[in-house]
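Have a look at the structure below before the remarks.
Where a number appears in this text, it was derived from the coordinates with a stated rule and is not lab data. In this text, all values refer to a predicted model and were calculated from it rather than measured experimentally. Virtual Cβ from ideal backbone geometry, glycine too; neighbours counted across all protein chains shown.
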Amino acid sequence: MNCLVRPRSTSPTRATDPQPELRQPVHELPALAFQPVVSRTDSRLWNAYIQRYHYLGFSPLPGAQIRYFVTAQERLVALLGFGASAWQTAPRDRFIGWTPQQRQDRLHLIVNNGRFVILPWVRCPGLASQILGRVARQLPSDWQTRYGYRPVLLETFVETPRFRGTSYRAANWILVGQTQGRGKLGPAKKISVPIKDIWLYPLARNFRQILTQQS
């Protein structure tokens, strides 16, 4: 019996077809707006864009989550998805300095940026880092509204050598190490998934104090 749960396929729709090229300096773009996905219609559309244009395709984000459409004067330029953080990753956990019990109690205060794509017809150098900076300011309030608490740290995993994390670095994220390439089900000491750089972004100056305080 196959007990593996597979995500439903998300087929491309005409709504996600390529649009005319947008090429201009980022400082000349209209103000960016971050629209959280709320309705089922928007959810299906977000999924379809990710399936079509993100190199990993679509799969459901884990746990508590917020997904965004990013627009410039109503023109869609990018999509972001945030969900539950990884249960355990040594470089991140050393950076925080928490105990296993503290991690169990406060892991929900870390949010994972699981998907980020700028649509391929958008050619605006510097846009990615600007989006990352803006969403880091908006997400805590949106998360508070939806879930009743504010996260204090963002994380993301950038596959190497496919990507170098240039936009995260430009947005002042912190590179703390690499995964070991074993994945959740990978056998010990054997690479079974791509190695990824681990990037973190504090959302609160006292994030360590919050994450390591005694219960």
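Among the GluC sites (Glu not before Pro) in region 19-75, which ones are in a DSSP loop with at most 13 other Cβ atoms within 10 Å of the Cβ? Mind listing them? Don't skip to the answer; put the middle values down first.
Values: sites: E21, E28, E74; in loops: E21, E74.
Counting only loop positions with at most 13 other Cβ atoms within 10 Å, the GluC sites (Glu not before Pro) in region 19-75 are E21, E74.
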P(r) of region 22-212 over all Cα-Cα pairs, binned every 10 Å from zero, in whole percent: 8, 35, 38, 17, 2
In degrees rounded to 10, the 0-90 angle between helix 127-147 Cα long axis and the longest Cα principal axis of the chain is 60 degrees
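So which chymotrypsin sites (Phe, Trp or Tyr not before Pro) in region 55-152 end up in coil per DSSP with only 13 or fewer other C-beta atoms within 10 Å?
On the way: sites: Y55, F58, Y68, F69, F82, W87, F95, W98, F116, W121, W143, Y147, Y149; in loops: Y55, F58, W87, W98, W121, Y149.
Loop-located and lightly packed - Y55, W87, W121, Y149.
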Charged-residue dipole, Cβ positions (Lys, Arg, Asp, Glu), the chain about Cα centre, Debye nearest 20: 500 debye
How much length would be gained if the chain were fully extended between V193 and A170, taking 0.36 nm per residue of separation minus their Cα-Cα distance, in nm to one decimal? 5.6 nm
Only sites in a loop by DSSP and with at most 14 other Cβ atoms within 10 Å count here; which trypsin sites (Lys or Arg not before Pro) in region 82-188 make the cut? R162, R164, K184
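Given a Förster distance of 25 Å, report the FRET efficiency between H54 and Y149 from their Cβ-Cβ distance, rounded to the nearest 0.05. Can you show the working numbers first?
Values: r = 28 Å, r/R0 = 1.12.
That gives a FRET efficiency of 0.35.
Work out the FRET efficiency for T71 and Q209 from their Cβ-Cβ distance, taking R0 = 41 Å, and round it to the nearest 0.05. The partial results should precede the final answer.
Values: r = 36 Å, r/R0 = 0.89.
Working from the Cβ atoms, E equals 0.65.
Set the Förster distance to 25 Å, then compute FRET efficiency between D105 and S39 from the Cβ-Cβ distance, nearest 0.05. Please report the intermediate quantities before stating the final value.
On the way: r = 34 Å, r/R0 = 1.35.
The calculated FRET efficiency here is 0.15.
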Would you list S85, S167 from fewest to most Cβ contacts within 10 Å? S167, S85
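What's the Kirkwood radius of region 38-117 in Å, using all Cα pairs? Could the numbers behind the result be given before it?
On the way: mean 1/r = 0.0703 Å⁻¹.
Computed over region 38-117, the radius equals 14.2 Å.
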